[in-house]
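Right, one structure below, let's go through it.
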Amino acid sequence: MKTSTSSPRSSAVTFFIIAAIAIAFAGVILAKNSRLILKNEADDLLEVLDAGEEPKDGNYYKLTLYYQFGNYAEMQHKRNGITTGKDQYFVGLIEDGTVVSFKVKDKNVISKFKSLEDATYDYFEGKKDSTEGYQIELTGKWSKIGNSKIKSYYKDAIDQLGLPSTFKVDYVNCFDASQNRGSLITLVAIVGIIGIVCAILGVASIGQARSLEKQRAEIDNLTKNNQNPFLDNTMNNGYTSNENPFMDPYASNIENASNTENESIDFYSSNSSNTDNGYYNNNDNQF
């Protein structure tokens, strides 16, 4: 019985720990990115670069992109052999002359990148005065290019483009536009829901443990008072042993027959071996 009550309690502790971790994690994300999540505000990447500062890894920034030189890599995400998503990587040029890798997942944004690519080459070839009307407003996370293959493809693309020496190429960092306000809100919501569900399950487990403990206490009390519900005489509803309906209905008749004539005794004894008359006998109980 101890095992059955300790199991719900241990489950409750586990649920509460998970709930605490999830809610704390959601709180940290919300606190760190409260401006972006609550007000849709973030530092402008171009202003940070113009000020001579280095963008902080893991921070979210806003940026208006005016130039884009092409798609240099694609990463597919698969599960059980089925493609679940794709990341597209582009070579972008920030207005201060910094060349940066851009990671994009949204199909609409990818379409805008392709349109901007055409406008960019038209501009550098003198066919357009600017890329006005094709610029893209982005919000994304400044992070390191972690994948070695993506980093290699990026370097190859830069070499093939033959960009002017006046451009400063960032080979290390990436503007991840797949991580934005929407993805942050979704992450906080999912983690928060997990925390709340685990807290509810923890409370339910505590209730289950208390219910089991109460049942155990009641059984212990019955045992101490010799009130086993399967042996308690009160279950007979006041009948005597001769009147108990759960006992042999013919036992009292047989006992009383001993005081009658031998003919009555012979009647029962002679039929005790008869299996066809419907009366009770020890060898074949018809009832």
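A few remarks follow.
- For the range 88-110 and the range 39-59, distance of Cα centres in Å: 16
- Under the simplified labelling scheme, the Ile21-Ile193 pair shows an inter-label distance of 2.0 nm, with each label point 7 Å from Cα along Cα→Cβ.
- Projecting the Cα atoms of Thr83, Phe113, Gly70 onto the charge dipole of the range 1-119, computed from C-beta unit charges around the Cα centre, puts Thr83 farthest toward the positive end.
- Rounded to 0.05, the FRET efficiency of the Lys86 and Asp57 pair, given R0 = 25 Å and the Cβ-Cβ distance, is 0.55.
- The range 37-171, Rg to Rh (Cα coordinates; Rh as Kirkwood inverse mean 1/r): 0.96
- Average projected area [Cα convex hull, the range 81-142], square nanometres: 5.5
- In sequence order, calculated HN-Hα J values of the range 23-37 (Karplus, 6.51, -1.76, 1.60; Hz; x Gly/Pro): 5, 5, 4, 4, x, 5, 4, 5, 5, 6, 10, 4, 4, 6, 5
- Length released on extending from Tyr171 to Arg79, taking residue separation times 0.36 nm less the Cα-Cα span: 30.1 nm
- Leu163/Ser130 FRET efficiency (R0 30 Å; Cβ-Cβ; nearest 0.05): 0.95
- Alpha-carbon gyration tensor eigenvalues x 5, square-rooted, for the range 61-111, Å: 26, 10, 8
- Cβ-Cβ FRET estimate between Ser148 and Lys114, R0 fixed at 30 Å, reported to 0.05: 0.70
- Whether the range 17-100 is rounded, prolate or oblate, judged on the alpha carbon gyration tensor where a/c under 1.5 counts as rounded: oblate
Read-outs throughout are calculated quantities, based only on the coordinates presented, and are distinct from any laboratory measurement. On a predicted model such as this, the values are computed, not experimentally measured, just so you know. Here the Cβ is made from the backbone with ideal geometry for all residues, glycine too, and neighbour counts use every protein chain on show.
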